[in-house]
Amino acid sequence: MKPFLSVNEIHSGYDGVPVVHGVSLEVFRGEMVCIIGANGAGKTTTMRTICGLLHPEKGTVRFKDQDISRLPASRTIRRGISYVPEGRRLFPKLSVSENLSLGAFIEKDKREIVRREEEVLTLFPVLRQRANQKAETLSGGEQQMLAIARGMMSRPELLMLDEMSLGLMPSLVEKVMETIVQVNAEGTTVLLVEQMVQEALEISHRGYVLQTGRIVQSGSAKELMKSDEVRKAYMGM
Ligand SMILES: Nc1ncnc2c1ncn2[C@@H]1O[C@H](COP(=O)(O)OP(=O)(O)O)[C@@H](O)[C@H]1O
Ligand SMILES: [Mg+2]
């Protein structure tokens, strides 16, 4: 089976300062894969390079057997990749419903947008009774749900989630993770980045450990959870 997404030896960074040094990873259709690593390891930079917000200086990103390394994010979203950035980036003064519609900006058919909104509100019921509220009036957990829901509005085949647990209390982290499990079970391939290593491994099929811009370990989520290195470095054991 060919990988759905394959990242091959990418090098990327900012203004000539390298941050990611030859990262390779693969995601197969239907999988949930996580990239774990400490703050500053290059997780966000890797995600941004995959979705086209940054371009690799060397190496390639292939999605559905095509090279997307040079495509901007405005094009990779049309190919089926949706990136939910770290920090949510909602439009605080716009309503929940308006934030959702913006997630479907590539779709011009109004009725189709309404259909999709209905779908995501079914998946994220907490947002339904808040549809007309401004995003800034939502709790942290609801805002994270909205960010993910907005990411789903383009009907992605690959959903990329950057630190969705950041700033949430543990009960909400669990809730958000459960929703992602459901999204994945319904057929969306998921690539997620997390500092909450235990939680991420519990819901993922496989994982990669990123350390100062390099993959230092990879394997099934079960293997990684048992690994002494992972437990010591990221689970405080
Ligand atoms: N926009 C930027 N400009 C310059 N350096 C950056 C920028 N974003 C991140 N970096 C640097 O790249 C490194 C990796 O950052 P990042 O990919 O955000 O890590 P992570 O998501 O794993 O915390 C850090 O040293 C950070 O300071
Ligand atoms: Mg980050």
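Points to keep in mind about this one:
So that you can scan it fast, the table gives a plain yes or no per residue for (1) within 16 Å of ligand 2 (Cβ to nearest atom); (2) more than 14 Å from the chain's Cα centre (by Cα):
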| position | (1), (2) |
| --- | --- |
| V19 | yes, yes |
| T46 | yes, no |
| G59 | no, yes |
| G103 | no, yes |
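- Residue that is nearest to M169 (Cα to Cα) [pool: residues in region 99-151 that are open to solvent by 30 Å² or more (accessible area, probe 1.4 Å) and in contact with a Pro (Cβ under 8 Å, 6 or more places away or on another chain)]: E136
- Leading residue by the ranking (surrounded by the fewest Cβ atoms within 10 Å (Cβ to Cβ)) among those in region 53-74 that are touching a residue at least 24 places away in the same chain (Cβ under 8 Å) and acidic (D, E): D65
- Residue list for region 37-91, filter: among the charged types (D, E, K, R) and within 16 Å of ligand 1 (Cβ to nearest atom): K43, R48, E57, E86, R88, R89
- You will find that of E186, E194, E163, E223, the residue that is among the acidic types (D, E), closer than 26 Å to G52 by Cβ and more than 16 Å from ligand 1 (Cβ to nearest atom) is E186 and no other.
- The single residue among S6, S12, S24 that is touching a residue at least 12 places away in the same chain (Cβ under 8 Å), over 21 Å from M164 (Cα atoms), within 16 Å of ligand 2 (Cβ to nearest atom) and assigned by TED's automatic domain parsing to the domain that holds G219 turns out to be S12.
- Complete set of residues in region 158-182 that are over 12 Å from the mean Cα position of the chain (by Cα) and either closer than 30 Å to K108 by Cα or of a type in the set (S, T, Y) (or both): S171, V176, T179, V181, Q182
- Hits in region 182-199 (condition: assigned to a helix (DSSP H, G or I) and either away from ligand 2 (no atom under 16 Å from the Cβ) or free of Cβ contacts under 8 Å to residues at least 40 places away in the same chain (or both)): Q182, V183, N184, A185, Q198, E199
- As for region 75-98, it holds no residue that is open to solvent by 40 Å² or more (accessible area, probe 1.4 Å) and touching a Pro at 6+ places or on another chain (Cβ under 7 Å).
- I50 vs. criteria touching a helix residue (DSSP H, G or I) at 6+ places or on another chain (Cβ under 6 Å) and crowded, with 17+ Cβ neighbours inside 10 Å: no
- Test result for K43, more than 21 Å from K2 (Cβ to Cβ), at pLDDT 95 or above and open to solvent by less than 40 Å² (accessible area, probe 1.4 Å): yes
- Only one entry of L166, L172 meets the criterion of being within 15 Å of A200 (Cα to Cα), in contact with a Gly (Cβ under 9 Å, 6 or more places away or on another chain) and within 16 Å of ligand 2 (Cβ to nearest atom), and that entry is L166.
- Residue that is nearest to T122 (Cα to Cα), among those in region 164-183 that are among the polar types (S, T, N, Q) and open to solvent by less than 20 Å² (accessible area, probe 1.4 Å): T179
- Output for region 200-220, where each listed residue is in a helix (DSSP H, G or I), open to solvent by 60 Å² or more (accessible area, probe 1.4 Å) and within 16 Å of ligand 2 (Cβ to nearest atom): none
The values are calculated or read from the model by the stated rules, or taken from the named source; none is laboratory data. Note that the structure is a prediction, hence the values are computed from the model and not measured. Note: ideal-geometry Cβ built from the backbone for every residue, glycine included; neighbour counts use all protein chains shown. SASA here: full protein model, heavy atoms, side chains in, ligands and nucleic acids out. Shrake-Rupley method; radii C 1.70, N 1.55, O 1.52, S 1.80 Å.
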